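Scroll down for the structure; my scribbles are underneath it.
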Amino acid sequence: MKLTLAFDTSTEEVATGLGKIGTRGVHLLGETNIDVPRASLTHLFPAITRLLQSADRAIGDVDAIVVGRGPGSFTGVRIGVSAAKGIAQGRGVPLFGVNTLDAVAERFSGRQGLVGVIGDAMRREVYPALYRLSGHTIERLTGDAVASPSVVAAEWAALGEPVLLSGNALRKYADVFAGAMGDRAVFAPEVLWTPTGESLLMVAWRSYVRDELGDGDPGTLLPVYTRLSDAEEAERVRDGSSGPWPRSGVAGPGPTGGVL
Amino acid sequence: MSARIRPLAESDLGRVVALERATFPSPWTRGMFIDEMLQGSSRAWFVADSPWGILGYAGLMEVEGEGHILNLAVRADARGQGVGSALLAAVLAEALRRNLERLTLEVRPSNAAARAMYEAAGFSEEGRRPGYYADSGEDALVMWTGPLASEPMQAAIARVGERAAGIERLAIDRDGSGLVGSPSDDVILAIETSCDETAAAVMRGGRDLLSSVVASQIDFHARFGGVVPEIASRKHVEAISGVVDEALSLAGIRIEDVTALAVTYGPGLVGALVVGVSYAKGLALATGLPLVGVNHLEGHLFANVLAEPDIEPPFVALLVSGGHTSLVHVPAWGEYHTMGSTLDDAAGEAFDKVAKALGLGYPGGPAISRLAAEGDPAAIPFPRAMINTADLDFSLSGLKTAVVTYIRKEQAAGRDLDLPDIAASFQAAVIDVQVSKAVRAVVETRARTFLIGGGVSANPALRAALAKAMDARGVRISVPPLDLCTDNAAMIAAAGHFRLGRGETLGPSAEAVPDLRLD
């Protein structure tokens, strides 16, 4: 059983959790989830310190770090990922990334049917992700993307079955989904729109049992952006480029944005 | 405590280059030392290693059965105690082992201590190379030993060995060595991510640079004509772990050997700063080490101290870069009064914008500087904004507009643009104002020392104009070497050492402060 510290700063909330991950699941030792919009750099480390104290553990006891890679606020995601790299490198322990939207879907584990998570991508766009839940399994049906809320709402309306909706973009676009999906839009209560320390650890456990956690190298872990910088997006539009999306989130040094 | 002589290792390079810079007016670069190390068996380099860090080094080059002594340097605070003799003894022993016939070296006639040491070791003057030292125009004395196997030389070698025994009982007073701040032997890992360079450095005792790594992102920003903050932030996240690992590895230490952390927390691009601050807070939590927050501008001031350890306040500094243009009066370390600053564009920004208008690419500073060298600075009378105002503020956006307007007019009139003349005239307008305000600041404060720092201080014409103006007034001018002008973490480590000595550390809730002030 590995003692694992997990946190996410991709949304307005700072979520932290401490638990033991083993083959059969997560033994949660504690979690803190606080609503601190645009202030995660201020609150993340005090939250981790409180979490460790309340669980009567020290940072030196931790065997692995798990961090939410987004998608979410670019700066928010970078604060979490950078902090995680520092802790993992300083301790010499592995660092694993989980998808922030997966950690929101995880909160509905045990239900049946479709769950749609929409993260706030700012600029009138959302990060959509669709899941099929059955028993205690969660299957992700769509990849990472950024899209207009009305386009996502129309696609999900065409699925022909109810979708349980969650994610922090509902604060802005609940009416768009209600309008397009009618009765098929089922809104989760707002307290279930963000990841928690426990849900982050659960997503990590699912990857662990599937042997998909990755190599644990803090040097190579990167945020999930789904969009390039505005400067590079404008350049791609201008050049009519539609090449594959660079994994690093930066198109590259070439004059037309070579792909890494 | 004692020092020991051992062969130079790659992990010593940072310290050796720092010592080279502190010792010689025309120092060898890091690249030159790396070239030396690649020369294989024709070279032998030695360092004097001690608990106080690397105290000196010397190199031997074998040429057709004879030996040339390359650089031999001893740290200022360790001189007169046999370190130089111990290095010389190691070189002599190596020469004997290789059966070399004789040894030769060049030395400045004005360096009496070195000449005395070499004479005691059996060297004598056999000629001069006129004007050998480019910085002062001084001749070099060429000294040779007799045949190494001869009796007089064997006696001289024995004398060197006796002197070298001094390194068994060294006493080094680090307080007396021009050190700023705490005299402790802290090992600081510093991190800098305020703009578009991801940098990390390891430094011992605020001065002994063990490594300095800078990952530049220029290529990713170049086609946009300036730094794109979102790209900068993304590249920092991608690079930071590797840059820190490399800094530790080049310093030859592990994170467990570090005694404090330092990070730039402002001023700069907020999205870029938070990467370094968040990462550094993570390291601090994981290791339990104190974390010091450093003002990037204070770092630039300390870059000068790294190059010239005897720099001390009071002084006036001109900090001039892509993000800053200001004159700062420093009566004492930690006490800063900004006397004036730009009201609009920073000087580096003006260079970038004019370069973009001329189609010269990014960054604009080096491109304009190269072109300007071939042009006439008096060709076009661009405005010298605020040169006659009584304050010490700058304004550069009007100049940039004047240049762009000039270019359009010439093009509309169907005339070919004389790029060198435009570059030279623009650069002269920038420099005239910088020099005029700098002189006024020095006169107002009666400062006897003047520093420049920041990326634009790499501009050779600006350096020369300021040097001339300050020399004319008998004011000492300090210009850091090029790799310390631009953003780096060595300067953050030096400033961090100073702040650590004052017990100033960041708590777990510390923020990045993009508009952090110096005073």
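Just so you know, all these numbers are worked out from the coordinates, no wet-lab data involved. What you see is a predicted model, and the numbers here were worked out from it, not measured in a lab. No Cβ is skipped: glycine too gets one built from the backbone with ideal geometry, and neighbour counts run over all protein chains shown.
Tabulated data
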read-out	value
Amide H contacts of B:Phe394 (H built 1.01 Å from N, under 5 Å, at least 5 apart or other chain)	B:Ser341, B:Thr342, B:Leu343
Neighbour cut-off at most 10 other Cβ (10 Å), DSSP loop, trypsin sites (Lys or Arg not before Pro), the stretch B:388-452	B:Arg415, B:Arg446
Test item: B:215-228 mean partner chain Cβ contacts at 10 Å	3
Semi-axis lengths, Å, the stretch A:16-60, gyration tensor of Cα atoms, sqrt of 5 times eigenvalues	22, 13, 8
Amide H contacts of A:Phe187 (H built 1.01 Å from N, under 5 Å, at least 5 apart or other chain)	A:Leu165
Per-residue mean of C-beta atoms belonging to partner chains within 10 Å, peptide A:224-234	3
The stretch A:116-162 and the stretch B:52-82: distance between their alpha carbon centers, rounded to Å	68
C-alpha center-to-center spacing [the stretch B:1-49, the stretch B:247-283] in angstrom	26
Using θ = phi - 60° and Karplus 6.51 cos²θ - 1.76 cosθ + 1.60, couplings along the stretch B:211-222 (whole Hz; Gly, Pro as x)	6, 8, 10, 10, 9, 7, 10, 3, 4, 7, 9, 3
For B:Gly56, residues with placed amide H under 5 Å, excluding near neighbours	B:Ala48, B:Arg75
Quotient of Cα Rg and 2.2 N^0.38 Å for the protein assembly as shown, N being how many residues it contains	1.11
Distance from the stretch B:445-476 to the stretch B:185-217 (C-alpha centre basis), Å	26
Packing-based ranking, highest mean first, of A:194-207, B:28-41 given that Cβ atoms within 10 Å are counted	A:194-207, B:28-41
³J(HN,Hα) computed for each position of the stretch A:19-32 - Karplus, 6.51 cos²θ - 1.76 cosθ + 1.60, integer Hz, glycine/proline x	x, 9, 9, x, 5, 8, x, 10, 9, 6, 9, x, 8, 9
Compactness of the stretch B:1-97, expressed as Rg and Dmax over alpha-carbon positions, Å	12.6, 39
The stretch B:220-314: GluC sites (Glu not before Pro) in DSSP coil with no more than 14 other Cβ atoms inside 10 Å	none
Cα-only radius of gyration and Dmax that characterise chain A, units Å	18.4, 56
Sorted by Cβ neighbour density within 10 Å, fewest at the top, the residues A:Ser10, B:Ser26, B:Ser425	B:Ser26, B:Ser425, A:Ser10
Net charge of neighbours whose Cβ lies under 14 Å from the Cβ of A:Val237, counting Lys and Arg as +1 and Asp and Glu as -1	-2
Spread of Cα-to-Cα distances over 5 Å intervals beginning at zero, given as percent, for the stretch B:4-172	1, 8, 18, 22, 22, 18, 9, 2, 0
J(HN,Hα) series, the stretch A:110-125, from Karplus relation 6.51 cos²θ - 1.76 cosθ + 1.60, nearest Hz, glycine and proline x	x, 8, 10, x, 8, 10, x, 9, 10, x, 6, 9, 6, 6, 6, 10
Beta bridges per DSSP with both ends in the stretch A:104-192, % antiparallel, nearest 5	65
